[in-house]
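Engineer: Sharing a structure below in structure tokens format, with a few things to ask.
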Amino acid sequence: MSELSKRVLVGVPAAALFIWLIWLGGAAFQIAILAILLLTVWEVHRMMQQTGFSDFFPVSLVFVLLVWNPDFMPQWLNLSIAAAAALLTVIAVISKHSETSVRWLSTLFTGVYPAVGFVMLINIRELGAPIEGFWLTMTLMLMIWGNDVFAYFGGKSFGKHKLAPKISPKKTWEGFGFGFFGAAVGFLIAYYAAESYPLELWTLVPAVLIVSIAGPLGDISASRIKRIAGVKDSSSILPGHGGFFDRFDSMILSAPFVFFYFYALL
């Protein structure tokens, strides 16, 4: 079975399940996202171990809890942890690149970077009325999927100029350009599928720019980590797709920007 066939056989049912969870929203969606987040953090932790500068994983999980910000955590505790983390990060940055400093930065990245992206995805789902939040979340996901599909086939058919040859040799500038069209198609699908879309059509242009730039940057960043770690995929949980970090790397970086953009419009 070809790699593309595996991707389709796993990806289509997984996408359908994910869309159903987005439709449900509420606690069901949040629990599913939390489970995916924890698996993603575990994958990043495993890769950091391969780089030679493993994180302090229990502390990374504390950061996940801090970003998730559950109701049972008092505000003073959140602020205290955040202040301590900020101070330690400043110390790590200005130090002479000791092993402990690098491990601290790895810890911060493992716990905060994926968590912010997934929490922002939940925030998008909770924007406006429930049906509005559904379509806004679908807009983000359809744009990311459209960008990914168009970039893949556009690069495969017309790609000649490497985008990041030392990090992700298969990515090309031609594929990057086709990704903009894919993101626009994804937005239009959501716009015309919704009975009453919460945004005007002109909002497509900034949204396409955000996703088509932030998404590939998130993908390339993940590729850079995997290259340093010497692994092809973040894990093998999803046959043909690798791990959850592989599947959500574009969303993780795109979601915060898209959330603030949608929030400003609404």
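All of the numbers you see were taken from the coordinates with simple rules; none came from a lab. Since the model is a prediction, treat every value here as computed from it, not as a measurement. As a convention, Cβ positions derive from the backbone with ideal geometry for all residues, glycine included, and neighbour counts pool all protein chains shown.
Engineer: How big is region 120-223 on each of its three principal axes, counting only the C-alpha atoms and giving the largest first in Å?
Structural biologist: Dimensions of region 120-223 along the principal axes of its Cα atoms: 45, 24, 17 Å.
Engineer: Roughly what % of Cα-Cα distances in region 1-111 sit above 19 Å, to the whole percent?
Structural biologist: On the way: 3668 of 6105 pairs.
Pairs farther apart than 19 Å: 60 percent.
Engineer: Do any chymotrypsin sites (Phe, Trp or Tyr not before Pro) in region 10-117 lie in a DSSP loop with no more than 10 other beta carbon atoms within 10 Å, and if so, which?
Structural biologist: Numbers: sites: 18, 20, 23, 29, 42, 53, 56, 63, 68, 72, 76, 104, 109; in loops: 53, 56, 72.
Counting only loop positions with at most 10 other Cβ atoms within 10 Å, the chymotrypsin sites (Phe, Trp or Tyr not before Pro) in region 10-117 are 72.
Engineer: Something else now. Relative to the present Cα-Cα distance, how much length would full extension add between residue 73 and residue 10 at 0.36 nm per residue of separation? All intermediate terms of the calculation are to be shown ahead of the outcome.
Structural biologist: Values: separation 63, 0.36 × 63 = 22.68 nm, distance 3.73 nm.
Residue separation times 0.36 nm, minus the Cα-Cα distance, leaves 18.9 nm.
Engineer: Could you work out how far apart the two model spin labels at residue 126 and residue 228 are, taking each label as a point 7 Å from the Cα in the direction of the beta carbon, and quote it in nm?
Structural biologist: The two pseudo-label positions are separated by 3.2 nm.
Engineer: Give me the count of lysine pairs in the chain whose alpha carbons sit under 28 angstrom apart, restricted to pairs 8 or more positions apart or on different chains.
Structural biologist: Lysine pairs meeting both conditions in the chain amount to 29.
Engineer: Counting trypsin sites (Lys or Arg not before Pro) as exposed when in a DSSP loop with at most 15 other beta carbons within 10 Å, what is the longest stretch of the chain free of them? Don't jump to the answer; show the numbers that get you there.
Structural biologist: Details: sites that count: 96, 160, 166, 232.
Result for the longest clean stretch: 1-95.
Engineer: Spin-label point model (7 Å from Cα, Cβ direction): what's the residue 158 to residue 193 distance in nm?
Structural biologist: The answer from the label model is 2.5 nm.
Engineer: How would you rank 200, 132, going from fewest to most other Cβ atoms within 10 Å of each one's own Cβ?
Structural biologist: Details: 200 9, 132 19.
By the 10 Å Cβ count, ascending, the order reads 200, 132.
Engineer: Give me the dipole magnitude in Debye, nearest 20, for region 3-265 about the Cα centre, with unit charges on the beta carbon: positive for Lys and Arg, negative for Asp and Glu. Kindly include the intermediate steps, with their values, before the conclusion.
Structural biologist: Working: 17 positive and 15 negative charges, 215 e Å.
Result for region 3-265 is approximately 1040 debye, rounded to the nearest 20.
Engineer: Taking a temperature of 10 °C and a viscosity of 1.306 mPa s, what whole-number D in µm²/s does Stokes-Einstein yield for the chain with Rh from Kirkwood over alpha carbon pairs? Walk me through the numbers on the way to the answer.
Structural biologist: Details: Rh = 19.4 Å.
Using the Kirkwood radius from Cα pairs, D works out to 82 µm²/s.
Engineer: Work out which helices of the chain, taken as complete DSSP H runs, extend at least 20 Å along their axis over the Cα atoms and score a mean Kyte-Doolittle of -1.0 or more, then list them. Provide the component values of the computation, followed by the final result.
Structural biologist: Values: long enough: 3-24 (31 Å, 1.47); 26-51 (37 Å, 1.02); 75-94 (29 Å, 1.93); 99-125 (40 Å, 0.82); 130-158 (41 Å, 0.70); 173-193 (31 Å, 1.18); 204-229 (37 Å, 1.19); 244-265 (30 Å, 1.10).
The qualifying helices are 3-24, 26-51, 75-94, 99-125, 130-158, 173-193, 204-229, 244-265.
Engineer: Now a separate question. By how many nm would the segment from residue 86 to residue 100 grow when fully extended, if each residue of separation counts as 0.36 nm and the alpha-carbon distance is taken off? Mind dumping the intermediate values first?
Structural biologist: On the way: separation 14, 0.36 × 14 = 5.04 nm, distance 1.56 nm.
Full extension of this stretch gives 3.5 nm more.
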